[in-house]
Structures are given as structure tokens and as C-alpha cells.
Amino acid sequence: MSGNNQDKRADIKDRITTAQARNQEREGMTLTDKLGEKAAAAKDEFTAFAKEHPVATIAGGIAIGVLISAMFRNSPTRKAGRYAGARAAGLAAIGSEMAVAFAHQVMESASRARDAGSELAHEMGDRAHEAADKLGHSASETAESARISAREIGRSIARTISRH
């Protein structure tokens, strides 16, 4: 176990020594050297990204090209943009009219469904009320019959007891 700790300590000391050497090298570097090092690192990162995501890289390049082209007054991109904008505005107007018509149809359907549901609920409520009345009437009749039966049984028991 102590051998493992000694290995860890040696590894940490090696890392510290390497980092100190790298810092000393950087202190002696000029601004141009530092910028060159950062540019090389950025190029390597971009190359790695482009290899991992080629479609995104191509799409981004096209988008940047279109944006740069649109900066110039008489560029074909700007002309195409104006044409596409006019067409898109017309299509958007047609689309909004269609959406309004569809929304109106949906609202009418919902209103009809609400009215039908309301009528059905009212009918069901009436039927439930009638059933409850019938059940209450039957329960009342059953209770009255039970009272009469209990009274007659009580009288019969009383007669039987008084005879003996």
C-alpha cells in the first residue's frame, strides 16, 4: 500500500516538473509565438470538429458565404433574398387565411359538440332524477312494509308469550 502512495507521489512530482518547464518556456515566448501557438491549436480543434461533423461544417460554410454575399448591394444573394421575401410574405398571407378558416371550423365543431354534450348531460340528469325518485318511492314502500311486518311479528310474539 505504501508502494502505491509512493508511485502516486512520484507521478505528481513528475507532473509538477513538466508544468514548471512548460511555464518557463512560455515566459520566454514572444507575443507572436503565443499567437502562433493559439492559432495552431484553434486550427487543430477546427479540423477535429470538421472531421466529426462534416455536414454541419458544410452548412455553416454556406451560411457564412450567403451572409457575406448579402453585404454587397448588387449581389445575387441580396436579389434572391428580396424575391424570396416577397414570395414568403404572399405565402404567409395565404397560410394565415387558411389557419383562420381552419380555426373557425374547429370552433364551430367544438360549439356543436358542447351543445350536444349539454343536451346529453341534461337528459342523463333527468333520467337519474327519475330513477332516484323511483328508488326512493320503492325504499319508502319497503320500509313501510318492514314496519308493518315488524309490528305484526311483535304482536304475534306478545300473544304467544301471554298464552304461556
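Restricting ILE157, ILE161 to residues that are surrounded by 10 or more Cβ atoms within 10 Å (Cβ to Cβ), out of contact with any His (no Cβ under 9 Å at 6 or more places or on another chain), assigned to a helix (DSSP H, G or I) and not acidic (Asp, Glu) narrows the list to ILE157.
For residues that are surrounded by 11 or more Cβ atoms within 10 Å (Cβ to Cβ) and not in a helix (DSSP H, G or I), scanning just the stretch 40-89, find the one that is nearest to the chain's Cα centre (by Cα). Within the stretch 40-89, the match that is nearest to the chain's Cα centre (by Cα) is HIS53.
Of the candidates ALA70, ALA80, ALA110, the single residue that is of a type outside the set (S, T, N, Q) and at pLDDT 80 or above is ALA110.
Restricting the stretch 12-39 to residues that are among the hydrophobic types (A, V, I, L, M, F, W, C) and either modelled with pLDDT of 75 or more or loosely packed, with under 10 Cβ neighbours inside 10 Å (or both), the residue that is nearest to the chain's Cα centre (by Cα) is ALA39.
Scanning the stretch 111-139 for residues that are under 39 Å from the mean Cα position of the chain (by Cα) and acidic (Asp, Glu) yields a count of 2.
The values are calculated or read from the model by the stated rules, or taken from the named source; none is laboratory data. This structure is a prediction, so every number in the text was calculated from the model and none was measured. Don't worry about glycine lacking a Cβ; one is built from the backbone with ideal geometry, like all the others, and counts go over all protein chains shown.
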